[in-house]
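*Asks:* Before we start, here is the structure in question, set down as structure tokens.
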């Protein structure tokens, strides 16, 4: 009774697109017929397929989660604090037209519209592990490119040390904003070397499609070795600075959420263990990996840094 | 009204009503609607319902007084036992899927995590209440002692509220709402006790009615 039917067909090279789509339609039709009165139908995926995506070598050798997992279980507090709420409520977000203002300590400040973002660099599909600070995890095929591509275009000045990011904050598009319990707009930040790291992804899509609103349409950050909340959604502003930028969860509760927030099984959240996690679709917990399994790529960023102090 | 409250059918209907959250979970389980994280979904749902049933149980006495319907007490035990039932499922989910019955991990969690500590305390306090819920136990303990013991339920409920409050990340509306209801129900009792203290020889409160 408790066992959720595992996703028998997953998005992959070998699954014909048509089959994959039909499975979802079949499930949607089935659940609509069975339970229209209990479960509001999840918001429809943006559904716009992205063309010319190249496969990337950044691909974990693990079973991918289903599209449903990735798009119906979200943290996007501007659209409600329950995991199921963003999928229901984020339809008020208008991801187009969209602009990202990039400035601060750069030689060539620039405003990118969505079209420019999509064409700035070849779009890659990267399959990353994603570990939430709440001790659940998911494997998602993101579409995007290294953030470094964008940063190089604005030419950071030599005194730039950090990159600050800001999410859209529009009370009209986010009518539930008052319930979030966090200060808005949502802001995040990275050290410049973290932001320039090839793993740091500026993402515009998942599972071959444009990002659904609840996943942070139209442009979001994915930093796979950090807790999920570092992956700021629906970005409107990127600013290079020489000072440590404020970050929303740190401002909400500094003891519980640090600036770095690297996935670290040896540093517990004050209220719960970070030693294990539940992969969505699994019942039992598994061990959490240091840097979420990306130690080889990113550990050198933190040599000499006390990770217990700079959590 | 008395007739309705006294009817065995009312009690049976209430029993079925109290099972609705369980049936709901089972139905969602069969139709694959337990979200991407079914364990968490069931844990949250049973936790919510345990707390709700505790608050409903705590409102029996105030309702009985306000509407002068002593027969309402007939349903109190069942409501309390449903709170216990939902907290047991809640605990079983935690022990099985979160901790895989690893005694060291459970011990570490209980001593290290305040929200687990207070939740465990609340749950352990419910145990003697469930055990002494039968009419025979009321007789064995004597109504006075039984009533004193069962005042533990105030603290069980408060523990549940704090457990929830310490778990949420930022949106405290729900635990705050439950805390507010708890405070109101306690305020009613404090007023009841202080008034009783000033009045001489009030009618003794019925502990349990024969059903």
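*Asks:* Pick from A:60, A:127, A:263: which residue has the top mean-square fluctuation in a GNM of chain A where Cα pairs under 10 Å get a spring?
*Replies:* Top of the fluctuation ranking is A:60.
*Asks:* The stretch B:38-133: percent of C-alpha pairs farther apart than 19 Å?
*Replies:* Of all Cα-Cα distances in the stretch B:38-133, 48 percent exceed 19 Å.
*Asks:* Something else about it: If the viscosity is 1.306 mPa s and the temperature 10 °C, what Stokes-Einstein diffusion coefficient in µm²/s follows for the stretch B:82-151 when Rh is the Kirkwood radius over Cα pairs?
*Replies:* In µm²/s, the coefficient rounds to 116.
*Asks:* Tell me, A:303, A:72, A:266 in order of fewest to most beta-carbon neighbours within 10 Å?
*Replies:* Ascending Cβ contact count within 10 Å gives the list A:303, A:266, A:72.
*Asks:* Using a 10 Å cut-off around each Cβ of peptide A:277-285, what is the average number of partner chain Cβ atoms that fall inside?
*Replies:* The mean count of partner-chain Cβ atoms within 10 Å per residue comes to 4.
*Asks:* Specify the angular offset, from 0 to 90 degrees and rounded to the nearest 10, of the alpha carbon long axis of helix B:8-30 from the longest principal axis of the alpha carbons in chain B.
*Replies:* Between helix and principal axis, roughly 10 degrees.
*Asks:* Dividing the Cα radius of gyration by the Kirkwood radius, what Rg/Rh value follows for chain B?
*Replies:* On the Cα set of chain B, Rg over Rh gives 0.99.
*Asks:* Roughly how many nanometres apart are two label points built 7 Å out from the Cα toward the Cβ at residue A:236 and residue A:268?
*Replies:* 4.0
*Asks:* Return the calculated 222 nm mean residue ellipticity for chain B, to the nearest 500 deg cm²/dmol, obtained by summing -39500 (n - 2.57) across DSSP H runs with n ≥ 4 and dividing by the residue count. List each step's numbers first, then the result.
*Replies:* Working: 11 runs with 158 residues, N = 211.
That comes out to -24500 deg cm²/dmol.
*Asks:* Using a 7 Å offset from the Cα along the Cα-to-Cβ direction at both residue A:51 and residue B:154, what is the distance between the two label points in nm, to one decimal?
*Replies:* It is 7.2 nm.
*Asks:* Right, next: Quick one: if you take sqrt(5λ) for each eigenvalue of the C-alpha gyration tensor of the stretch A:17-302, what semi-axes come out, biggest first, whole angstrom? Display every interim value, and only then the final one.
*Replies:* Numbers: eigenvalues 156, 100, 80 Å².
The three semi-axes for the stretch A:17-302 are 28, 22, 20 Å.
*Asks:* GNM on chain A, C-alpha springs below 10 Å: top fluctuator among A:71, A:295, A:81?
*Replies:* Of the options given, A:295 has the highest mean-square fluctuation.
*Asks:* Counting pairs of alpha carbon atoms under 8 Å apart in space and at least six apart in sequence, what relative contact order in percent does the stretch A:196-311 give? Don't jump to the answer; show the numbers that get you there.
*Replies:* Numbers: 143 pairs, mean separation 21.5, N = 116.
Reported relative contact order: 19 percent.
*Asks:* For residue B:184 and residue B:22, calculate 0.36 nm times their separation in residues minus their Cα-Cα distance, and state this gained length in nm to one decimal.
*Replies:* Details: separation 162, 0.36 × 162 = 58.32 nm, distance 2.80 nm.
Length gained, residue B:184 through residue B:22: 55.5 nm.
*Asks:* Quick check of the Kirkwood formula: for the stretch A:92-204, what is the inverse mean of 1/r over all pairs of different Cα atoms, in Å?
*Replies:* 16.0
*Asks:* Relative contact order for the stretch A:17-302: what is it in percent, counting Cα pairs under 8 Å that are at least 6 residues apart?
*Replies:* It comes to 21 percent, rounded to a whole number.
*Asks:* Which value at 222 nm does chain A reach when only helices count, each DSSP H run of 4 or more adding -39,500 (n - 2.57), with the total divided by all residues and rounded to the nearest 500 deg cm²/dmol?
*Replies:* Numbers: 8 runs with 58 residues, N = 311.
Mean residue ellipticity, 222 nm, calculated: -5000 deg cm²/dmol.
*Asks:* Using only alpha carbon pairs under 8 Å that are at least six residues apart, calculate the relative contact order of chain B and give it in whole percent.
*Replies:* 21
*Asks:* The stretch B:126-183: D in µm²/s via Stokes-Einstein (Kirkwood Rh, Cα pairs, 20 °C, 1.002 mPa s)?
*Replies:* Working: Rh = 12.9 Å.
My calculation gives 166 µm²/s for D.
*Asks:* Order these by the 10 Å Cβ neighbour count, fewest first: A:249, A:177, B:9.
*Replies:* B:9, A:177, A:249
*Asks:* Hey, what's the Cα Rg ratio for the protein assembly as shown versus the globular rule of thumb, 2.2 N^0.38 Å?
*Replies:* Against the compact-globule rule of thumb, the ratio is 1.13.
*Asks:* Assign one of three labels to the stretch B:1-65, namely rounded, prolate or oblate, based on the Cα gyration tensor with a ≥ b ≥ c the square roots of its eigenvalues; rounded applies when a/c is under 1.5, prolate when it is not and a/b is larger than b/c, and oblate otherwise.
*Replies:* The shape class here is oblate.
*Asks:* In addition: Taking the 0 to 90 degree range and rounding to the nearest ten, how far is the long axis of helix B:76-93 tilted relative to the main principal axis of chain B, both from C-alpha atoms?
*Replies:* 10
*Asks:* Can you bin the stretch A:160-272 into rounded, prolate or oblate? Criterion: square roots of the alpha carbon gyration tensor eigenvalues sorted a ≥ b ≥ c, rounded for a/c under 1.5, prolate for a/b above b/c, oblate for the rest. Write down the numbers at each step before the final one.
*Replies:* Details: a/c = 1.35, a/b = 1.14, b/c = 1.18.
Note, shape of the stretch A:160-272 comes out rounded.
*Asks:* Calculate how large, on average over all directions, the projected area of the Cα convex hull of the stretch A:223-307 is; give the answer in nm² to one decimal.
*Replies:* Values: hull surface 29.3 nm².
Reported value for the Cα convex hull: 7.3 nm².
*Asks:* Using only Cα atoms and rounding to the nearest 10 degrees, what angle (0 to 90) does helix A:17-35 make with the longest principal axis of chain A?
*Replies:* 70
Laboratory data are not the source of any read-out in this text; all were calculated from the coordinates shown. Note that the structure is predicted; figures quoted are calculated from it, not measured. Note that each Cβ is placed from the backbone with ideal geometry, even for glycine, and that neighbours are counted across all protein chains shown.
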